[in-house]
1. Taking the conditions exactly as written (under 26 Å from residue 176 (Cβ atoms), without any contact (Cβ under 8 Å) to a residue 60 or more places away in the chain, in a loop (DSSP other than H, G, I, E, B) and of a type in the set (D, E, K, R)), does residue 36 satisfy them or not?
2. For the subset of the range 1-33 comprising residues that are among the hydroxyl-bearing types (Ser, Thr, Tyr) and over 26 Å from residue 187 (Cβ atoms), which member is modelled with the lowest pLDDT?
3. So which of 197, 176, 159 is surrounded by fewer than 18 Cβ atoms within 10 Å (Cβ to Cβ) and not polar (S, T, N, Q)?
4. Would you point out which residue out of 11, 27 is in a helix (DSSP H, G or I) and buried (at least 20 other Cβ atoms within 10 Å of the Cβ)?
5. Check whether at least one residue in the range 185-192 is buried (at least 18 other Cβ atoms within 10 Å of the Cβ) and modelled with pLDDT under 95, and report yes or no.
Amino acid sequence: MSRPSKRTRDNLQSRPNEPLPPMEAVNAVKQFKAPKFDQTIGVVVHLGIDPKQADQALRGSIALPKGIGKSARVICFCQPDKVDPVKAAGAIEAGGEELVNKVKDGWFDFDVAVASPDMMRVVSPLGKVLGPKGLMPSPKAGTVTPDVESAVKEYSAGKQEYRNDDGGNIHCIIGKSSFSAEDLAENLTYFIDTIEKIRPASSKGTYMKKCVISGTMTPSVQVAV
């Protein structure tokens, strides 16, 4: 097993031991010795839900107020008259059965798939290949919608889909290390508030058990929630 680098050891020594308010947690992450590239800053919340219960499964989408510093490659399954408008909105590919066949043949060079409701009849067979990759369009995530142009524009600009994993955790990007502490803290607070608002009615006990933020190659810091 390789020995941690000096930078990693120094960062672990300076990491706070107690949960911190959002702004202080962000400042702690930004003060770590970081690699030369612009790190992605992410958040993970561990929730007191039972992921096996359908009424406690959480899934949705979120557009953070300060963006996330990156764009997404979006495709759109739509009728012919929508192809040009959605491409103008930012879609890298758009179409109907021909796009479905392209994906069936193994093309997955995209991050988000959007579809209009009337296209789901031809898109649904892709569930077996897109579902396991988390790319299947879904009404809950806002990726199945009549307003495909707006959806493409929002996801291209960094809107994110989220869902809980089998351990009851939700992951989300809140920005880049080059963001100001104020912008990162605003995004973090917005994310926490959003997750609080979607608490399932059947969830008992402590809902938000733990929240941590971290950079791509720096330690995590616990956030007080």
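The values are calculated or read from the model by the stated rules, or taken from the named source; none is laboratory data. All values derive from a computational prediction rather than experimental measurement. Glycine also receives a Cβ, built like all others from the backbone with ideal geometry; neighbour counts cover every protein chain displayed.
1. yes
2. Per the stated criteria, the residue is 2.
3. None of the other options fit; the residue is 197.
4. Selected residue: 11, the only one of 11, 27 that is in a helix (DSSP H, G or I) and buried (at least 20 other Cβ atoms within 10 Å of the Cβ).
5. no
One line per residue, one yes/no per condition, for (1) outside the structural domain of residue 213 (by TED's automatic domain parsing); (2) surrounded by fewer than 21 Cβ atoms within 10 Å (Cβ to Cβ); (3) more than 14 Å from the chain's Cα centre (by Cα); (4) over 29 Å from residue 167 (Cβ atoms):
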{"position": "43", "(1), (2), (3), (4)": "no, no, no, no"}
{"position": "60", "(1), (2), (3), (4)": "no, yes, no, no"}
{"position": "85", "(1), (2), (3), (4)": "yes, yes, yes, yes"}
{"position": "96", "(1), (2), (3), (4)": "yes, yes, yes, yes"}
{"position": "99", "(1), (2), (3), (4)": "yes, no, yes, yes"}
{"position": "118", "(1), (2), (3), (4)": "yes, yes, yes, yes"}
{"position": "130", "(1), (2), (3), (4)": "yes, yes, yes, no"}
{"position": "148", "(1), (2), (3), (4)": "yes, no, yes, yes"}
